[in-house]
Amino acid sequence: MKIAILPGDGIGPEIVEQAVNVLNALDEKFELETAVVGGAGYAAHGHPLPDGTLKLAKEADAVLFGAVGDYKYDSLERALRPEQAILGLRKNLGLFANLRPAILYPELAGASTLKPEVVSGLDILIIRELTGDIYFGQPRGVRTSPDGAFKGEREGFDTMRYAETEIRRIAHVAFQTAQKRDKRLTSVDKANVLETFQFWRDIVTDVHQEYPDVALEHMYVDNAAMQLVRAPKKFDVIVTGNMFGDILSDAAAMLTGSIGMLPSASLDANNKGLYEPSHGSAPDIAGKGIANPLATILSAAMMLRFSLNKAEQADRVEAAVKKVLAQGLRTADIFEAGTTKVSTSEMGAAVVKALAK
Ligand code: NAD
């Protein structure tokens, strides 16, 4: 099995190195090949997603991605900015399902801004559709308003749209993922106001007929936002569109209070995927050896589970992460009194050690 390793910028190389050490400690035969991406891609080849990197990502069975971006590239034209590499990879690899777990290990309950009893032991999964919705719908732009109360004035406009195929395929991913968990799925929409999301609701309800063992609930997005901070543990799997998912998954991530802990996966129709931590390249702490590598290590665990069919190895990695937290080891971002502060590489080495049976 071939894994494309794309460390990227900022803390990317430091945290990916630790995840690679974990993969190499699993006694599995993985072929790992590394390529530049993001600002590093631009610096080496004049493009954030160089041809060789895209070719490697396409031929690999899975992609392990660090993070991209640095303020020094902010003045580049949009098409050459490091972040364009992510959009390019999503598009070229056909990645349409973004899976973001929000898990709060009991040892870290104090890191959340919510009361420990509300979030301790939280384990939910948000599935965000990535290819459709108002982010990509045409037409869009700024024009002179052709009608209405502001006729003749300049106006900005976008188009919200979802094709039936797009809704069906994300619904299947959501129901199948729920089947592997607590078998409860909440589909989040705005069917009371938006035609697009009434259609979404109708299609999700139709797909549900194929998954009678999963309990389906529909919820309006405003209520979902409220429930996420009121009683987040009530959810199991949430599925929603591109824009609502963008917002809700960040809110859910923050429930845990520790961005350095959250993995993510973006999957295509055949479960090939790109795996990356939910956080960015953290240029403010790059090169200092203090970044938390656990989100990247947990992303590698998701890769083992979803793309490489190695559920047992994924369990091993996740158990090792729990073990090091129980041992009281903490990088600076999750450090609190009474625990032991460790560096990026010390945390990675502790996870490797904890893998030993
Ligand atoms: P960020 O996630 O990089 O950092 C936000 C804060 O969290 C910073 O204080 C940072 O030090 C801290 N942090 C992030 N990851 C951490 C870790 N593993 N351990 C400890 N602390 C961590 O977000 P930002 O500052 O808004 O963006 C920085 C750059 O990252 C920008 O160029 C942005 O475009 C890019 N970015 C990239 C991705 C991606 O590659 N998928 C995602 C978001 C942002």
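The values are calculated or read from the model by the stated rules, or taken from the named source; none is laboratory data. These figures come from a predicted structure and were not determined experimentally. So basically every Cβ, Gly included, is an ideal-geometry build from the backbone, and we count neighbours across all protein chains shown. SASA here: full protein model, heavy atoms, side chains in, ligands and nucleic acids out. Shrake-Rupley method; radii C 1.70, N 1.55, O 1.52, S 1.80 Å.
Of the residues Gly66, Gly52, only one is at pLDDT 95 or above and in contact with a helix residue (DSSP H, G or I) (Cβ under 6 Å, 6 or more places away or on another chain); which?
Numbers: Gly52 fails: in contact with a helix residue (DSSP H, G or I) (Cβ under 6 Å, 6 or more places away or on another chain).
Going through Gly66, Gly52 in turn, the sole match is Gly66.
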- Per the filter on the stretch 61-76, residues near the ligand (Cβ under 9 Å from one of its atoms) and crowded, with 17+ Cβ neighbours inside 10 Å are Phe65, Gly66, Ala67, Val68, Gly69, Asp70, Tyr73
- Note on the structure: All-but-one check, Gly94 against (1) closer than 24 Å to Met261 by Cα; (2) at pLDDT below 95; (3) out of contact with any Pro (no Cβ under 6 Å at 6 or more places or on another chain), failing number (1)
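Please give the helices (runs of 4 or more DSSP H) falling wholly within the stretch 6-60 in which 1 or more residues are open to solvent by less than 10 Å² (accessible area, probe 1.4 Å) and closer than 29 Å to Ala356 by Cβ.
Helices (runs of 4 or more DSSP H) meeting the threshold: 12-24.
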- Looking at Ser278, is it open to solvent by 20 Å² or more (accessible area, probe 1.4 Å), hydroxyl-bearing (Ser, Thr, Tyr), within 16 Å of the ligand (Cβ to nearest atom) and in contact (Cβ under 8 Å) with a residue 12 or more places away in the chain? yes
- Can you name the residue in the stretch 291-309 that is out of contact with any Lys or Arg (no Cβ under 9 Å at 6 or more places or on another chain) and outside any helix (DSSP H, G or I) and, of all such residues, is most open to solvent (accessible area, probe 1.4 Å)? Asn309
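Every residue, every condition in (1) surrounded by fewer than 18 Cβ atoms within 10 Å (Cβ to Cβ); (2) not assigned by TED's automatic domain parsing to the domain that holds Val37, yes or no:
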| residue | (1), (2) |
| --- | --- |
| Arg81 | no, no |
| Leu87 | yes, no |
| Ala102 | no, yes |
| Leu114 | no, yes |
- Among the residues of the stretch 315-323, is any hydrophobic (A, V, I, L, M, F, W, C), open to solvent by 10 Å² or more (accessible area, probe 1.4 Å), in a helix (DSSP H, G or I) and within 18 Å of Val352 (Cβ to Cβ)? yes
- Query: Hey, any hits in the stretch 92-109 for a residue that's more than 15 Å from the ligand (Cβ to nearest atom), among the basic types (Lys, Arg) and under 26 Å from Phe306 (Cβ atoms)?
  - Reply: no
- Query: Gly152: open to solvent by less than 90 Å² (accessible area, probe 1.4 Å) and at pLDDT 95 or above, yes or no?
  - Reply: yes
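What do you reckon, is Ala286 on the phi < 0 side of the Ramachandran plot, surrounded by fewer than 24 Cβ atoms within 10 Å (Cβ to Cβ) and either in a loop (DSSP other than H, G, I, E, B) or modelled with pLDDT under 95 (or both)? Break it down stepwise before answering.
Numbers: on the phi < 0 side of the Ramachandran plot: yes; surrounded by fewer than 24 Cβ atoms within 10 Å (Cβ to Cβ): yes; either in a loop (DSSP other than H, G, I, E, B) or modelled with pLDDT under 95 (or both): yes.
When the stated conditions are applied, Ala286 passes them.
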- Do the conditions hold for Ala354, that is, is it out of contact with any Leu (no Cβ under 9 Å at 6 or more places or on another chain), under 19 Å from Ala25 (Cα atoms) and away from the ligand (no atom under 11 Å from the Cβ)? yes
- Message: So, Ser343, is that one over 18 Å from Asp123 (Cα atoms) and buried (at least 22 other Cβ atoms within 10 Å of the Cβ) or not?
- Response: no
- Task: Would you mind stating whether Lys58 is basic (Lys, Arg) and within 11 Å of the ligand (Cβ to nearest atom)?
- Result: no
